[in-house]
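First up is the structure itself, then whatever we jot down about it.
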Amino acid sequence: MVGYGRAPEGLAWPDGARVVVNVVLVYEEGSEYSVRWGDDRNDGWGEYADAGVEPPALDPGTESHYEYGSRAGVWRLARIFDDAQIPVTVSAAAVALELNPGVADWMREHDHDLLGHGWRWIEPWQLSRDEEREQLHRAIETFERVLGERPLGWNCRSWPSEHTRGLLIEEGGFLYDSDGSADDLPYYARAGGLPFLVVPYSKTYNDSRYLMNPGFASPRDFLDTLTMGIDELARDERPSMMTVAVHARWSGQAARAAAMRAFLEHAATVEGVRFMRRIDVARWWLATYPQ
């Protein structure tokens, strides 16, 4: 509840940057709940009040919305990131990458890092500790097979379970998680008496707010939130981090993608801004400010 306090001292980013921006491309398409995969429900579209087609029937209309993200949206955003020449973190569900290996190829070609986002895009708090552990291990195995590397960071669907951080520590190969949103800088949490780095996520600079009421009614709302946020952080007296999270099926739509492009163009003009991969943020913090 205290954090770094009113006037933190001695904290700095590489090369004296004032704001580190980490862009997260969230890629979940094909890993959502569906009776096609033996689930007891179909995931919703997210932008309509009703839940779609009820099981045991398939919901091909909603499935096509997710498929837009994998067929078109992810590549529109990829082109924007390529044009801006920025490093990107891909928060991917393992099954989503397995279903579309071209996304993994693009990640390797551009050296974008991986943030583990589950074996599938399902709710960990609905699982037992043993079930969550088993899915964590399945995710790691799938990432290693499809992408050629394991995740070093982790971010659950929406919220972690009470067991998640302890399981990451137990597994032993993770450097950080992003299931906390408690600061504008990385910080250490404790699980089982052990310290563990949190590279904080954001539900504010996140296109999921298109789905909320009140939320983003227009891409300009998202753009205003991002540009006002980075401008204020750059004026602040202490260094900070800004996570900008966009989903392939939502911000991959052309009008919303235009907001992302405009933000990147604006950020390039703000003094003291540096784009970094999430793994590089974690490694910098662990090396420079160990627990």
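General remarks:
- Test item: Cα-centred dipole of the chain, Lys/Arg +1 and Asp/Glu -1 on Cβ, debye: 520 debye
- Mean projection area, nm², convex hull over Cα of region 136-291: 10.7 nm²
- With a Förster radius of 30 Å applied to the C-beta separation of Val2 and Met212, the computed FRET efficiency comes to 0.50.
- Size descriptors for region 173-258, from the alpha-carbon set: Rg then Dmax equal 15.2, 47 Å.
- Charged-residue dipole, Cβ positions (Lys, Arg, Asp, Glu), region 150-291 about Cα centre, Debye nearest 20: 420 debye
- Modelled spin labels at Arg108 and Ala72, positioned 7 Å past Cα toward Cβ, are 2.9 nm from each other.
- For the chain, alpha-carbon Rg relative to the globular expectation (2.2 N^0.38 Å, N residues): 0.98
- Prolate/oblate/rounded label for region 28-92 (Cα gyration tensor, a/c 1.5): prolate
- Backbone N atoms of region 30-44 closer than 18 Å to the 7 Å Cα→Cβ label point of Arg138 belong to residues 30-43.
- The chain, helix-only ellipticity at 222 nm - DSSP H runs n ≥ 4, -39,500 (n - 2.57), divided by all residues, nearest 500: -11000 deg cm²/dmol
- Annotation: per residue accessible area for region 91-224 equals 44 Å², rounded to a whole number [probe 1.4 Å, protein chains only].
- In region 32-105, GluC sites (Glu not before Pro) in a DSSP loop with at most 13 other beta-carbon atoms within 10 Å: Glu47
- Tensor-based shape of region 24-136 (alpha-carbon gyration tensor, a/c under 1.5 rounded, otherwise prolate or oblate): oblate
- Each part gets one Cα centre, and for region 7-40 versus region 112-130 those centres are 13 Å apart.
- Comparing Ser202, Ser128, Ser91 in a Gaussian network model of the chain where C-alpha atoms under 10 Å apart are linked, the largest mean-square fluctuation is found at Ser128.
- Of Ala287, Phe222, Pro200, farthest towards positive along the dipole that unit charges on Lys, Arg, Asp, Glu beta carbons give the chain: Ala287
- Convex hull volume per residue for region 75-207, taking Cα atoms only, in Å³: 114 Å³
- Long-range tail of P(r) for region 1-45 (Cα pairs > 18 Å, %): 63 percent
- Across the chain, C-alpha contacts under 8 Å between residues 6 or more apart give a mean separation that, scaled by the residue count, equals a relative contact order of 26 percent.
- Expressed as a whole percent, the accessible area of the chain that falls on carbon and sulfur atoms is 49 (1.4 Å probe).
The values are calculated or read from the model by the stated rules, or taken from the named source; none is laboratory data. Bear in mind that the values here come from a model prediction, so they are computed numbers and not experimental data. All Cβ positions, even for glycine, are placed from backbone atoms using ideal geometry, and neighbour counts span all protein chains on display. Accessible surface is based on the protein model in full, side chains and every heavy atom, while ligands, DNA and RNA are left aside. Shrake-Rupley method; radii C 1.70, N 1.55, O 1.52, S 1.80 Å.
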